[in-house]
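Here it is, the structure, as structure tokens.
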Amino acid sequence: MYEYKVLSLFVRDCENIFNQLAADGWRLVSMIPNQGMGSGAVAAFERSTAESD
């Protein structure tokens, strides 16, 4: 089983946040521009839960 997280971020913040999430086991599955924010992006992450082991 998987759990998912969707974030709306400014591009300048992506690197630090993505690295933090990767360290916690999150994997980036989708990233699209967020034109409403100007220089933003919407990113979706997933990670395996203990139930799927």
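Sort M1, M31 by heavy-atom solvent-accessible area, probe 1.4 angstrom, most to least.
On the way: M1 130, M31 90 Å².
Order by accessible area, largest first: M1, M31.
Roughly how large, in nm² to one decimal, is the mean projection of the convex hull of the alpha-carbon atoms in the chain? Mind dumping the intermediate values first?
Values: hull surface 14.2 nm².
The Cα convex hull of the chain, projected and averaged over all directions, gives 3.5 nm².
When ligands, DNA and RNA are left out and all protein chains stay put, how many square angstrom of accessible area per residue does the chain have with a 1.4 Å probe?
Details: 3860 Å² over 53 residues.
In whole numbers, the chain has 73 Å² accessible per residue.
Follow-up. Along the Cα→Cβ direction, 7 angstrom out, place labels at L28 and A41. What is the inter-label distance in nm?
In this crude spin-label approximation the distance works out to 0.4 nm.
The values are calculated or read from the model by the stated rules, or taken from the named source; none is laboratory data. In this text, all values refer to a predicted model and were calculated from it rather than measured experimentally. No Cβ is skipped: glycine too gets one built from the backbone with ideal geometry, and neighbour counts run over all protein chains shown. These accessible areas exclude ligands, DNA and RNA; they are computed on the full protein's heavy atoms, side chains included. Shrake-Rupley method; radii C 1.70, N 1.55, O 1.52, S 1.80 Å.
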